[in-house]
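Asker: Quick one: the structure is below, and I'll ask about it shortly.
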Amino acid sequence: MARRYGLRVRAILAFHQCGAGPHDPPWIPLPQWVLEEMDKLPDLSYTDRYQRRNKEYISLGCDILPILKGRSPMQAYSDFMRSFRDAFKEYLGAIVTEVQIGMGPGGELRYPSCPTETLSQAGISSELGEFQCYDKFMQASLSARAQLIGMQDWGNGGPAGTDGSRQNPEETSFFRADGGCWNTPYGRFFLEWYSGMLLLHGERLCMVADAVFSGSGVTIAGKVSGIHWHYYTCSHPSELTAGYYNTLLRNGYLPITQMFARYKAALCCSCFDLRDEERNNSKSSPEGTLRQLMVAAKMCNLPLNGENSVTRLDDTSLNQVIRSSRLYSGGTSGTSFSFNYVRMNKSLFEFHNWNRFTKFVRQMSDARTFLARLEFRRGQHYLSSMSVVWVVSRACA
């Protein structure tokens with residue numbers, strides 16, 4: 001159907017649970033054969049300090065271990081990608097132009113520090129989150145790293161004094177600004193290991209995807225979560241527990257974009273529709289989070305795929321998407337930008353919403369919307385591009 005109408009398809013390969021539970025309409029758990037192995041060996045699940053297991057995604061601590069009936073998770077992901085490539089070979093490069101690789105809970109490169117259903121309620125969540133390093137595979141890695149630097153005591157579990165159920169980092173001994181353990185030698189050791197394990201997981205997936213889809217004409221992509229509700233604090237606790245070592249003193253997103261750049265992968269991120277002034281929490285900044293992600297992506301010359309965080313079709317939300325998009329789509333660096341409107345529902349097709357949405361699509365598909373940033377020279381012409389993904393950057397002939 002896409003080929004018949006001249007559209008393009010961005011395929012998303014999801015290796016994660018979809019939905020919050022059987023009561024959720026889009027409920028799709030992990031495959032039964034994976035859940036059976038998790039039941040036999042609970043440490044295949046992410047685990048927090050309270051020994052709560054999370055079955056949204058297989059723990060990255062066992063990425064290369066043969067725990068799935070003789071195969072490792074990375075082998076299973078690779079086999080799936082190869083099967084997809086072979087099944088859709090005739091469409092790759094022409095119709096299927098991008099393949100986004102699921103890298104964690106919700107398809108994002110992160111730990112399940114907060115339940116995905118909480119994160120999807122943009123602006124509501126303000127939990128600090130819990131470090132997910134208590135399954136035996138993660139613990140073995142942490143212990144080995146601590147022994148390697150001669151600090152064996154540092155490998156006996158995650159940090160104390162985090163209390164992820166709290167909303168104020170100043171009430172914790174690890175995250176507080178003045179004297180918090182996050183900025184001590186131990187804190188830096190732990191956070192470098194924790195975020196490094198997530199980076200290694202993303203690198204393995206990019207390496208596999210690059211090998212499978214090389215020469216097929218498709219761009220590979222990965223998604224980073226827009227975790228913004230403690231952005232204006234020193235320690236950025238909710239980002240730390242998710243695996244992004246991003247603080248007042250350290251750029252945690254640049255290592256991720258550098259890793260994506262090594263495999264010429266596109267970066268996908270949300271928050272394009274969110275405004276700081278609509279946040280109840282003064283420490284929250286979706287706009288600041290997005291700006292930092294954009295700068296990191298632009299430094300590495302990455303294609304950027306924007307997404308909305310919530311289902312809103314009012315002018316304020318749609319205009320914010322346009323404003324956010326202008327931040328990345330301009331300039332002469334050659335970076336490309338596209339926007340993917342997600343979470344469509346039946347209200348989209350109501351008369352007033354549909355009119356508003358089609359106007360928005362026309363604006364996003366028209367290079368003139370971005371003239372202020374693109375700085376066209378006289379004599380150049382504009383080429384609009386209309387597809388499933390609306391490409392608006394460098395749209396000149």
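Asker: With among the small types (Gly, Ala, Ser) and assigned to a loop (DSSP other than H, G, I, E, B) as the only criterion, which of Gly129, Gly196 stands out?
Answerer: Step by step, each of Gly129, Gly196 is checked, and only Gly129 is among the small types (Gly, Ala, Ser) and assigned to a loop (DSSP other than H, G, I, E, B).
Asker: Continuing with the same structure: Residue under question is Gly150, and the condition is that it be open to solvent by 30 Å² or more (accessible area, probe 1.4 Å), modelled with pLDDT of 95 or more and in a loop (DSSP other than H, G, I, E, B); does it hold?
Answerer: On the way: open to solvent by 30 Å² or more (accessible area, probe 1.4 Å): yes; modelled with pLDDT of 95 or more: yes; in a loop (DSSP other than H, G, I, E, B): yes.
Yes, satisfied.
Asker: Cβ-Cβ below 6 Å, separation at least six or inter-chain, first residue in region 270-283 and at positive phi and small (Gly, Ala, Ser), second surrounded by 17 or more Cβ atoms within 10 Å (Cβ to Cβ) and part of a helix (DSSP H, G or I): which pairs?
Answerer: none
Asker: Tally the residues that are open to solvent by 20 Å² or more (accessible area, probe 1.4 Å), more than 17 Å from the chain's Cα centre (by Cα) and either at pLDDT below 95 or among the hydrophobic types (A, V, I, L, M, F, W, C) (or both), restricting the search to region 199-214.
Answerer: Residues in region 199-214 being open to solvent by 20 Å² or more (accessible area, probe 1.4 Å), more than 17 Å from the chain's Cα centre (by Cα) and either at pLDDT below 95 or among the hydrophobic types (A, V, I, L, M, F, W, C) (or both): 3 in total.
Asker: Yes or no: region 254-270 includes at least one residue that is more than 27 Å from Ile220 (Cβ to Cβ), over 17 Å from the mean Cα position of the chain (by Cα) and surrounded by fewer than 17 Cβ atoms within 10 Å (Cβ to Cβ).
Answerer: Looking through region 254-270, none of the residues is more than 27 Å from Ile220 (Cβ to Cβ), over 17 Å from the mean Cα position of the chain (by Cα) and surrounded by fewer than 17 Cβ atoms within 10 Å (Cβ to Cβ).
Asker: Just to check your reading of the model, which residue among Asn355, Asn301 is open to solvent by 10 Å² or more (accessible area, probe 1.4 Å) and part of a loop (DSSP other than H, G, I, E, B)?
Answerer: Being open to solvent by 10 Å² or more (accessible area, probe 1.4 Å) and part of a loop (DSSP other than H, G, I, E, B) holds for just one of Asn355, Asn301, which is Asn301.
Asker: What about Ser83, is it open to solvent by 60 Å² or more (accessible area, probe 1.4 Å), assigned to a helix (DSSP H, G or I), more than 16 Å from Ala140 (Cβ to Cβ) and of a type in the set (Gly, Ala, Ser)?
Answerer: In short, yes.
Asker: Moving to a separate point now. Out of all the residues in region 230-244, is one or more farther than 24 Å from Cys181 by Cα, of a type outside the set (Gly, Ala, Ser) and in contact with a strand residue (DSSP E or B) (Cβ under 8 Å, 6 or more places away or on another chain)?
Answerer: Initially, region 230-244 is screened for residues farther than 24 Å from Cys181 by Cα, giving none.
So far as region 230-244 goes, no, none of its residues is farther than 24 Å from Cys181 by Cα, of a type outside the set (Gly, Ala, Ser) and in contact with a strand residue (DSSP E or B) (Cβ under 8 Å, 6 or more places away or on another chain).
Asker: If you don't mind, another one. Taking region 87-108 on its own, how many of its residues are among the hydroxyl-bearing types (Ser, Thr, Tyr) and not in a strand (DSSP E or B)?
Answerer: Residues meeting the conditions: 1.
Asker: When you check Gly196 against the structure, is it small (Gly, Ala, Ser) and over 13 Å from the mean Cα position of the chain (by Cα), yes or no?
Answerer: Criteria met by Gly196.
Asker: Go through region 240-254 and give me each residue that's closer than 22 Å to Cys114 by Cβ and touching a helix residue (DSSP H, G or I) at 6+ places or on another chain (Cβ under 8 Å).
Answerer: Leu240, Gly243, Tyr244, Tyr245, Asn246, Thr247, Gly252, Tyr253
Asker: Hey, another quick one. Tell me which of these Asp43 doesn't satisfy, since it passes every other one: (1) closer than 17 Å to Gln139 by Cα; (2) open to solvent by 20 Å² or more (accessible area, probe 1.4 Å); (3) not in a helix (DSSP H, G or I).
Answerer: (3) is the only condition that Asp43 fails.
The values are calculated or read from the model by the stated rules, or taken from the named source; none is laboratory data. Bear in mind the structure is a predicted one, so any value in this text is a computation, not a measurement. Note that each Cβ is placed from the backbone with ideal geometry, even for glycine, and that neighbours are counted across all protein chains shown. Each accessible area value is taken on the protein alone, full model and side chains, heavy atoms only, with ligands, DNA and RNA left out. Shrake-Rupley method; radii C 1.70, N 1.55, O 1.52, S 1.80 Å.
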